[in-house]
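Right, one structure below, let's go through it.
The values are calculated or read from the model by the stated rules, or taken from the named source; none is laboratory data. Given the structure is predicted, the values throughout are model-derived calculations rather than measurements. FYI the Cβ positions are ideal-geometry reconstructions off the backbone, even for glycines, and counts take in every protein chain you see.
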Amino acid sequence: MKGEFMKKRILLITVLAVLAAGLAILFFVPQVDTSFATSATLKYYDYDRHIGVHKVIKATFTNEDLKSLKQILRGHYYGSRGEACCCVISIEITLTDGRENITFLHTDNRTGIIATKVNDKYIHIRMSARQRKQLNSILEKYGVVFA
């Protein structure tokens, strides 16, 4: 009897500890907030191998694409801090309202990891395959080419 009571008590304490840790993550680990953005711009660095020329494509997203970008990029939990990425950054997406902005640095290496620049520090977020496909289809409208 006493041993069974202790097992239940330990199980209850473990469950409560896991719930407390989960709630702590929800309240104390920041999430990406895109709600403030009223416009978004794209800067794409491309290298044309056929003619050996580097070019930069700049564009402003349509309101429809801005709405989709905000939905795709919002709510992710910030991950590790550090350098932008281990590979060449070729795509910058900046969401802004004129006062506040957040820049997403996107590579075409298919890892699903995007770095965000917050207060001059890079913080990584991981996207699902579905979100990455949605994002890439928007970017392709503006001339971004994924090899």
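Every residue in the range 1-11 that is hydrophobic (A, V, I, L, M, F, W, C) and at pLDDT below 80, please.
Within the range 1-11, 1, 5, 6 qualify.
Only one of 60, 94, 38 is within 13 Å of residue 116 (Cβ to Cβ) and at pLDDT 85 or above; which?
94
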